[in-house]
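Since the structure comes first, as structure tokens, the remarks are kept for the end.
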Amino acid sequence: MTGGHAGRKHSLLSPSNAHQWMACTPSALLGRQFPDKAGTSAAEGTLAHELAELKARNYFYTVDFGKRKLTAAINKLKKEELWDDEMMGYTDDYLDYVKSVAMKFKSSPTVKLESYLNLDAYIPHLPDEDEAGGTADCILIGGGILHVIDFKYGKSPDGRVNAEWNPQMLLYALGAYEAYRILYTFKTVRLSIVQPRLPDGISEWECSLNELLQFGEFVKERAALAIKGEGEFAPAPKTCRYCRARGRCKARAEKNVELAFLAGTDPNLLTNEELGRYLLKGRDAARWLSDAQDAALSECLAGKEVPGWKAVEGRGSRDWTDMDKAFGVLTSNGISDAILWERKPLSLAQVEKVVGKKNFQELVGGLIIKKPGKPALAEETDNRPAITNKVSAAEAFKEEE
Ligand code: SF4
């Protein structure tokens, strides 16, 4: 039995968007009038979560959910449109991590998979919602430790999530504390986020129970404002990224437009300090412009007026009505197949996918070199080490030898 990942009901102030409503308290209520545009990647993540849960269930509850049940459940998931064989490997990585955490407990921990955690003690809910809460992927309890593990299936380095003071994870920990405090004593709270599709995709952090409870008090203050749509707007790249109001929000628009004028008023060349500062301040501008364009296009298509703008048909493309017939006509008129068809090798990643990771490594692993990626600009907080074209003294000396 799975935890019904696709059927999760998100309350207005849910743990998964706490990074948004805790920072910008009016955002949740403001965004309510706009549809939630969860895309294909969210649906793909849901599927991967279901698979991860099945594997964890089989590992921890083997008697109830043995190999046969696991295989049958996985075969069912394989029929889903978004299924991809690589999900098997990534969910194995997640399970390996969960196992390694469980094994570090002095005695077998209590394991809760996909448990729904009520957060009514911290977060109010709207009259049409049953309660405030969220579902944690995996909770391990034992020896005074409360360990919350979250599986994230994103693959964009831009979407890397850090466990340190992570509000979603801390809310799960608070929910678990409330649910199990009668049965267990807690001293230490550990949080782990597993993002197997990213290199170094594990983030871990720990705090004391006291710190968790202090965070809980802070949540109460922010949630009391958020449920009423009160407080200050706080536009910032990470806060606004998934906000439903991101294309129409005045505070975000004003911040970005003001920045554009700020940079334009200085006729002199920017110093590196200014360049760094402007880039940091303006990092949300491009995304905001694209969100605002999406919002304006929807309005124009709905027949509403956005002064200065209209919706038009994009550049069309041509396609065969019957390709086989067209190629038949061409070949019968002397155009050979060699001209009409091109033979292209699959990319390395595509070959790995069709051959399977293990086979691929065994057969051709020795024939691969890793080329460095194109230099990219990243914020100082990024995990990757900084690179430079500057020749170091050691390298220069080596050349002379
Ligand atoms: S777009 Fe940003 S500033 Fe505006 S409501 Fe949403 S989170 Fe707040």
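Coordinate-derived values only; no laboratory data. Everything quoted here is computed from the prediction, not taken from an experiment. Reconstructed Cβ throughout: ideal geometry from the backbone, glycine too, with neighbour counts over all protein chains shown.
Over region 1-144, what is the relative contact order in percent, taking alpha-carbon pairs closer than 8 angstrom and at least six residues apart? Could the numbers behind the result be given before it?
Numbers: 139 pairs, mean separation 40.2, N = 144.
Result for region 1-144 is 28 percent.
Taking 0.36 nm per intervening residue step and subtracting the Cα-Cα distance, what contour gain separates D130 from R241 on full extension?
Numbers: separation 111, 0.36 × 111 = 39.96 nm, distance 2.72 nm.
Roughly 37.2 nm would be gained on extension.
Would you please give the residues with an amide H less than 5 Å from that of S115, counting only those at least 5 places away or on a separate chain, with H modeled from the backbone geometry?
Excluding prolines and chain starts, which carry no amide H, the hits are A136.
Going highest first, how would you order 224-231, 179-186 by mean Cβ packing within 10 Å?
Values: 224-231: 16.0, 179-186: 13.1.
Those peptides, ordered most packed to least, come out 224-231, 179-186.
Each residue of region 89-105 in turn: what ³J(HN,Hα) in whole Hz from Karplus with 6.51, -1.76, 1.60 and θ = phi - 60°, glycine and Pro shown as x?
Per residue, the Karplus-derived 3J(HN,Hα) values read x, 5, 6, 5, 4, 4, 4, 4, 5, 4, 4, 5, 5, 4, 6, 7, 5 Hz.
Counting only C-alpha contacts under 8 Å and six or more residues apart, can you give the relative contact order of the chain as a whole percent? Intermediate results must be reported in sequence, preceding the final value.
Numbers: 454 pairs, mean separation 66.9, N = 401.
Value for the chain: 17 percent.
Hey, what number do you get for the chain at 222 nm if only DSSP H runs of n ≥ 4 count, each worth -39500 (n - 2.57), divided across all residues, to the nearest 500? List each step's numbers first, then the result.
Numbers: 16 runs with 177 residues, N = 401.
Result for the chain: -13500 deg cm²/dmol, rounded to the nearest 500.
What percent antiparallel are the DSSP beta bridges of region 5-226, to the nearest 5?
Details: 20 of 27 bridges.
If I count the DSSP bridges inside region 5-226, around 75 percent turn out antiparallel.
Give, rounded to the nearest 20 debye, the magnitude of the charge dipole that region 5-226 has about its Cα centre when Lys and Arg contribute +1 at Cβ and Asp and Glu contribute -1 at Cβ. Don't jump to the answer; show the numbers that get you there.
Values: 25 positive and 30 negative charges, 117 e Å.
For region 5-226, the charge dipole is close to 560 debye.
Quick one: which residues, 5 or more positions from D150 or on another chain, have an amide H under 5 Å from its amide H? H modelled 1.01 Å from N in the peptide plane, none for Pro or chain starts.
Residues meeting the amide H criterion: S192, I193, V194.
Step through the residues of region 197-203 one at a time and calculate ³J(HN,Hα) from phi using the Karplus curve (6.51 cos²θ - 1.76 cosθ + 1.60, θ = phi - 60°), rounding each to whole Hz and writing x for Gly and Pro.
With the stated coefficients, region 197-203 comes to 7, 10, x, 6, x, 10, 10 Hz.
Sort 328-340, 141-153, 364-376, 204-216 by packing, meaning the average of other beta carbons within 10 Å per residue, with the highest value first.
141-153, 204-216, 328-340, 364-376
Taking θ as phi - 60°, what are the ³J(HN,Hα) couplings along region 45-50 by the Karplus curve (6.51, -1.76, 1.60), each to the nearest whole Hz, with x for Gly and Pro?
x, 4, 5, 4, 4, 4
Taking the Cβ-Cβ separation of N75 and N272 as r and a Förster radius of 60 Å, what is the calculated FRET efficiency to the nearest 0.05?
Computed FRET efficiency for N75 and N272 comes out at 0.55.
If amide H atoms are built 1.01 Å from N in the plane of the peptide, which residues on other chains or at least 5 residues away come under 5 Å of the amide H of I202?
Result for I202 returns Q195.
How would you classify the chain from its alpha-carbon gyration tensor, with a ≥ b ≥ c the square roots of the eigenvalues: rounded for a/c under 1.5, else prolate if a/b is greater than b/c, otherwise oblate?
Details: a/c = 1.39, a/b = 1.15, b/c = 1.21.
Since a/c stays below 1.5, the shape of the chain is classed as rounded.
If you count the DSSP beta bridges with both ends in the chain, what percent of them are antiparallel, to the nearest 5?
Working: 21 of 28 bridges.
DSSP beta bridges in the chain are roughly 75 percent antiparallel.
What residue among A73, A223, A349 shows peak mean-square fluctuation when the chain is described by a Gaussian network model with Cα springs under 10 Å?
Ranking A73, A223, A349 by mean-square fluctuation puts A349 first.
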